[in-house]
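What follows is a single structure, written as structure tokens, with notes after it.
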Amino acid sequence: MCYLYSSSRADNNDEQFLLDYLNHLNIKQLDYLILTHPDADHAGGLDAIVRNFDIKNVYVGNGNAATKTYQDFISSCMDKQLQPSVPMPNQTFALGNGSFQFFNQTSQRDNANDNSLVALYTIGSNKFLFMGDSGKE
């Protein structure tokens, strides 16, 4: 079974909550971990997720961050030989009976939120757009 974890509005204080929630669901492996952008309110707690679960693929938005929260996440990935990558525009991958398609900025925007990785999940006739903190741009 495939699982996707996408952090949104979590900070580092929420590590135990996130771990407890995934453990309660008896999740042992995440096929995809997607971080839309490195802001702490989206990256918070991901270092604990990486340390405590088997992660197959890690995708991150285009950009960089010098925050401790983001650096902790990247360090935890490196410790497990995971290589976070920025997906190519229009890259797709299957998840369950649906698929994700990525839309991301290939150039840096002045507003870091507008560099968020955007993903469209399509299952049947239903579509869900995950935008991080992207604005209209």
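For segment 1-29, a tally of residues being modelled with pLDDT of 90 or more and outside any helix (DSSP H, G or I) returns 5. Find all pairs meeting these conditions: Cβ atoms under 6 angstrom apart; at least six residues apart or on different chains; first residue within segment 114-137 and closer than 16 Å to A43 by Cα; second residue part of a strand (DSSP E or B). Qualifying pairs under 6 Å: V118/F103; F130/A119; M131/V118; S134/V118.
Among the conditions (1) of a type in the set (S, T, N, Q); (2) closer than 25 Å to K136 by Cβ; (3) at pLDDT 85 or above, N57 misses just one, which is (2). Please go through segment 67-119 and give me each residue that is within 15 Å of the chain's Cα centre (by Cα), of a type in the set (V, I, T) and modelled with pLDDT under 90, ordered by number. Matches in segment 67-119: T69, V86, V118.
If you go through segment 41-93 and keep only what is of a type in the set (G, A, S) and without any contact (Cβ under 8 Å) to a residue 60 or more places away in the chain, you end up with A43, G44, G45, A48, G63, A65, A66, S75, S76, S85.
The values are calculated or read from the model by the stated rules, or taken from the named source; none is laboratory data. What you see is a predicted model, and the numbers here were worked out from it, not measured in a lab. All Cβ positions, glycine included, derive from the backbone under ideal geometry; neighbour counts span all protein chains shown.
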